Each structure stands twice: as C-alpha cells, then as structure tokens.
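Some notes on the structure that comes next.
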Amino acid sequence: MDFWLACEDYKKTASPGLETRAKQIYQQYVEADAANEVNLDAATREETRQNVESARPSCFDEAQRTIYTLMEKDSYRRFLNSKLFQDLARSKEMKNSLIQAFESVQTQTLGPERSFSLGANLLIAQCSLLPAASGGGSSSSLLDDLAL
C-alpha cells in the first residue's frame with residue numbers, strides 16, 4: 001500500500017524533483033533487497049528500472065498496476081477474512097444497533113433527563129457485550145472508541 005501511495009504522490013511531484021524522487025521510490029520499494037521491497041516479477045522490475053532513468057510521471061505505472069492487482073486479488077481478500085476485520089465489522093454492527101437504539105429512545109416521550117439516563121444505561125450494557133480490544137481494552141475505552 002505504501003508503494004502505491006508513494007507512486008500516486010510521485011505523479012504530483014514538480015518536474016525539477018522527479019528524478020530524485022523516482023530514484024528514492026525505486027531504491028525503497030522496487031530494487032532487489034530494498035528496505036520495503038514490493039512483489040514484482042523480473043520483467044516489471046527491469047522495465048521500472050529503465051523508466052526511472054527517464055523519470056517521467058508515468059515511470060511507475062506498470063509496477064503500480066501490478067501491485068494494485070496483487071492487493072486486489074490477495075491482500076484485500078485476506079484482510080476481509082482476518083480476525084481484525086471481522087472484529088471491526090462486529091463492532092460497527094454493534095455501533096449501528098446502538099445508534100438505532102438511541103434514536104428510538106429519543107422518539108419516546110420520557111423527558112430529556114430520563115431519556116438520556118436510559119440511553120446511557122443502554123450504551124453501557126451494549127458495550128459490555130463487545131469483544132475486548134486487542135491489548136486488553138475495557139468497556140470504558142470502547143465507549144471512548146465509539147465516540148457517540
């Protein structure tokens with residue numbers, strides 16, 4: 001993802017800085033054994049190396065397209081199936097149900113103080129059902145994260 005974003009940023013670079021920035025991106029992401037080497041086939045890597053020598057805004061286009069395809073077909077699908085994403089999705093569903101519950105409470109004719117008290121109790125009860133955040137979070141930190 002960092003490589004793809006760096007390429008997008010590179011396309012906006014002013015002409016005098018293109019050559020320097022192209023070399024930086026190449027050395028950081030494309031070059032064999034680079035610090036943040038991306039998964040490119042040899043032909044795309046060589047084409048990109050040659051393109052960097054002319055430092056045009058489009059010199060990373062093919063490499064960027066290859067990485068985008070890999071993200072779309074592999075990384076993104078793995079992320080969607082990851083425990084992290086699944087937990088986030090469940091939390092989002094819980095947040096949406098809380099919002100609906102609050103909207104329901106607000107439509108009732110309980111008076112402002114009683115409506116708020118009922119809503120706060122509902123929020124605390126619902127948050128106690130949420131899975132703890134990684135690192136051992138508590139209900140109160142989850143309440144802060146929901147930012148309702």
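Structure above, values below:
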{"quantity": "Solvent-accessible heavy-atom area per residue, rounded to whole Å², over the stretch 1-102 at 1.4 Å", "calculated": "65"}
{"quantity": "Total lysine pairs under 19 Å (Cα atoms) in the stretch 1-102, excluding pairs fewer than 8 apart on one chain", "calculated": "5"}
{"quantity": "Label-point separation, R90 to D33 (7 Å along Cα→Cβ), nm", "calculated": "4.5"}
{"quantity": "Packing rank of 17-27, 57-67, where each peptide gets the mean count of other beta carbons within 10 Å, highest leading", "calculated": "57-67, 17-27"}
{"quantity": "Label zone at S58, where the point sits 7 Å out along the Cα-to-Cβ direction: the stretch 3-17 residues whose backbone N lies under 16 Å", "calculated": "8, 11-12"}
{"quantity": "Sites T69 and S97 - FRET efficiency at Förster radius 35 Å, r taken between beta-carbons, to 0.05", "calculated": "0.45"}
{"quantity": "Cα→Cβ-extended label distance, 7 Å offset, between K23 and K83, nm", "calculated": "4.6"}
{"quantity": "Residue-span extension gain [Y76 to M1] - 0.36 nm each, minus C-alpha spacing", "calculated": "26.0 nm"}
{"quantity": "Karplus 3J(HN,Hα) series, Hz, for the stretch 27-43 with 6.51 cos²θ - 1.76 cosθ + 1.60 (x for Gly, Pro)", "calculated": "5, 7, 10, 9, 3, 4, 6, 5, 4, 10, 4, 9, 7, 10, 6, 4, 5"}
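The values are calculated or read from the model by the stated rules, or taken from the named source; none is laboratory data. These numbers were taken from a predicted model, which means no experiment stands behind them. Glycine gets a Cβ as well: all are built from the backbone with ideal geometry, and neighbour counts include every protein chain shown. Keep in mind that these areas ignore ligands, DNA and RNA; they rest on the heavy atoms of the full protein, side chains included. Shrake-Rupley method; radii C 1.70, N 1.55, O 1.52, S 1.80 Å.
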